[in-house]
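Notes for the one structure printed next.
The values are calculated or read from the model by the stated rules, or taken from the named source; none is laboratory data. Values in this document were obtained by computation on a predicted structure and should not be read as measured data. Glycine also receives a Cβ, built like all others from the backbone with ideal geometry; neighbour counts cover every protein chain displayed.
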Amino acid sequence: MAVNASPMYQKAEERYRCATSPQEKLDALQEMLRLVPKHKASEKVQQQIKERIKKTKEDVGKAAKSGSGHQHDPMSVSRQGAGQVLLLGAPNVGKSSIVGALTKAKVEIAEFPFSTHAAVPGMAHHEDVPIQLVDAPPVMEGHPQPGMMNAIRKADIVLLVVDLSAIELIDQFEQCVGLFAAHGMHPVSTAELDYGHDHEDGVMGMEEGEHEAMLLPKRVFVVANKMDAPDAMENYETFRELTETDLKMIPVSAKTGEGLPEMMAALFEMLNVIRVYSKRPGKPADKEAPFILPVGGTVEDMARLVHNEVAEHLKHARIWGGSVHDGQQVTGHHVLTDKNVVELHV
Ligand SMILES: Nc1nc2c(ncn2[C@@H]2O[C@H](COP(=O)(O)OP(=O)(O)OP(=O)(O)O)[C@@H](O)[C@H]2O)c(=O)[nH]1
Ligand SMILES: [Mg+2]
C-alpha cells in the first residue's frame, strides 16, 4: 500500500494477511484503520479498510450464529506485549518449564512427554519490556499438530528448544528445522527480515535459485535447555559443531534460571523494537508502561499510540535521552531511539 505507511501499519497489515479467523481479521483491520496516515492521498485506502471492516463484521456475526465462532482453536493466542514468541520443540525438552520460570502462566510440567496439549500464553519481561511467551504442545517426528504451523507463522519469533541431556539432541533440532522448509519458510536469526529474493547464500543447503526465492524468512532463536544436567556443556559444544547452523543459540536452565535473562535480552534485540516513555510538561517521565515501537518508529508513530487526535494535532515534541540534547525540540518525523523520553506538544 503506497501511502507512506509506517512500519507499525505494515505489521498490522501482515497480521491481517496471516489472520485465520474473522475475529482476528477484524482486530487487524481496526488496527490498520487506526494506524493509516490520515491525509488526502490515503482517503481511498481508508475507505477500503472501512468497507472491509464492515464485511468482516458480518462474517464475525455469521460465525457466531453458526456456532463456528465458538469453536476454540487451542493453538490460537491473541498477541500482547512487544512481540509474540512461540516455543517449539520435541516432547519433554522443557518448553513449559521455561514459560513457567519466566511468567505467571499456569503451565503443565511433567516428567513424562506430551504433557502440554494447547497453547498457553504468559508475559515475560526484558527489563521493563513485556514479551509474550507461548507454550505449545510438542512436535513429534517432525509432525506438527493442527494449528501449529499457523501459530508459527503468526509468531514474531520461534524459540526452538532442545534438551542438552537428551541423546537425540541433534534429531530434536533437525526435525524442527525441517518443518520450516516443508511449510514455505526459512529460519533466520537476524532482527531485520529481508523479504527480497537475492539471498547470496543458498538457504538450508539448497543450491541458489532452487526454491529459496519462495521461502519466507522466519525469526528463530535456538535455546539449549537443561544446561545444569551432567555433561550438558560438552553436549552443547558438540551440538554446535555438528549442526553448523548460523542460527543464534544460547544454553539455559529452566531449573536454575541460568541463561534466562540473556535469552530475554536476545529476544528483545531480535524483535527489532524500541521502548519510549511519555512525559507531561513539568512532570517526570512515566516509566510505568513504556510505548513499544518498531525500530525506525517516529514521534508521530508514538503520538498515534497515545491517541489518533494527538497525532493529528501534533505541533512538535521535546525529547530526552540517547544522542539528542536534553529537551531538544523535534518534529513528528524525528526517528526515536530506545529509552527516549518524549513530551508531545499539541
Ligand atoms: N535438569 C533439568 N530438568 C529440566 C529443566 N527444564 C525442564 N526439566 C524437566 O524436564 C521435564 C519436562 O519438562 P516440561 O517443561 O514439562 O517439558 P515440555 O517440553 O513442556 O514437555 P511436553 O509438553 O510434553 O512437550 C520435567 O521433568 C522438568 O522438570 C532444566 O533446565 N534442567
Ligand atoms: Mg509442555
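Just one of (1) in contact (Cβ under 8 Å) with a residue 60 or more places away in the chain; (2) β-branched (Val, Ile, Thr); (3) loosely packed, with under 13 Cβ neighbours inside 10 Å fails for Thr337. It is (3).
In the set Val139, Val107, Val99, only one residue is assigned by TED's automatic domain parsing to the domain that holds Arg240 and at pLDDT 95 or above; that residue is Val99.
Tell me which residues, restricted to segment 251-267, are surrounded by fewer than 18 Cβ atoms within 10 Å (Cβ to Cβ) and either more than 12 Å from ligand 1 (Cβ to nearest atom) or under 17 Å from Glu168 (Cβ atoms) (or both). Result: Pro261, Glu262, Ala265. Kindly indicate whether Lys54 is part of a helix (DSSP H, G or I), exposed (fewer than 11 other Cβ atoms within 10 Å of the Cβ) and at pLDDT 90 or above. Spelling it out, Lys54 is indeed part of a helix (DSSP H, G or I), exposed (fewer than 11 other Cβ atoms within 10 Å of the Cβ) and at pLDDT 90 or above.
Here segment 121-141 is the region considered, the condition is being of a type in the set (A, V, I, L, M, F, W, C) and within 10 Å of ligand 1 (Cβ to nearest atom), and the residue that is farthest from Ile170 (Cα to Cα) is Ala136.
To keep it simple, each residue is scored yes or no on (1) part of a helix (DSSP H, G or I); (2) farther than 24 Å from Leu179 by Cα; (3) not basic (Lys, Arg).
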position	(1), (2), (3)
Ala12	yes, yes, yes
Glu31	yes, yes, yes
Asp73	no, no, yes
Leu88	no, no, yes
Ala105	no, yes, yes
His117	no, no, yes
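Given the condition away from ligand 2 (no atom under 16 Å from the Cβ), in a loop (DSSP other than H, G, I, E, B) and of a type in the set (Asp, Glu), answer yes or no: does some residue in segment 139-146 qualify?
Residues of segment 139-146 that are away from ligand 2 (no atom under 16 Å from the Cβ), as a first pass: 141-143, 146.
Still in the list and also in a loop (DSSP other than H, G, I, E, B): 141-142, 146.
Next cut, of a type in the set (Asp, Glu) only: 141.
Within segment 139-146 (the criterion being away from ligand 2 (no atom under 16 Å from the Cβ), in a loop (DSSP other than H, G, I, E, B) and of a type in the set (Asp, Glu)), the answer is yes, since at least one residue qualifies.
The requirement of being aliphatic (A, V, I, L, M) and within 21 Å of Lys11 (Cα to Cα) is satisfied by Ala303. Among the residues of segment 219-233, at least one is in the same structural domain as Lys154 (by TED's automatic domain parsing), more than 20 Å from Ile157 (Cβ to Cβ), at pLDDT 95 or above and not in a loop (DSSP other than H, G, I, E, B). Looking at segment 265-346, the strands (runs of 3 or more DSSP E) lying wholly inside it that each contain 2 or more residues that are in contact with a helix residue (DSSP H, G or I) (Cβ under 8 Å, 6 or more places away or on another chain) sit at 273-279, 285-294, 316-320, 341-345.
Looking at the structure I just gave you, is Ile131 in the same structural domain as Arg219 (by TED's automatic domain parsing), under 25 Å from Lys25 (Cβ atoms) and either over 16 Å from the mean Cα position of the chain (by Cα) or surrounded by 23 or more Cβ atoms within 10 Å (Cβ to Cβ) (or both)? Taking the combined requirement at face value, the residue satisfies it.
Residue count for segment 90-133 under the criterion of being in contact with a Pro (Cβ under 8 Å, 6 or more places away or on another chain), within 9 Å of ligand 2 (Cβ to nearest atom) and under 18 Å from Leu260 (Cβ atoms): the result is 2. Residue under question is Val177, and the condition is that it be buried (at least 17 other Cβ atoms within 10 Å of the Cβ), touching a helix residue (DSSP H, G or I) at 6+ places or on another chain (Cβ under 9 Å) and at pLDDT below 90; does it hold? The answer is no for Val177.
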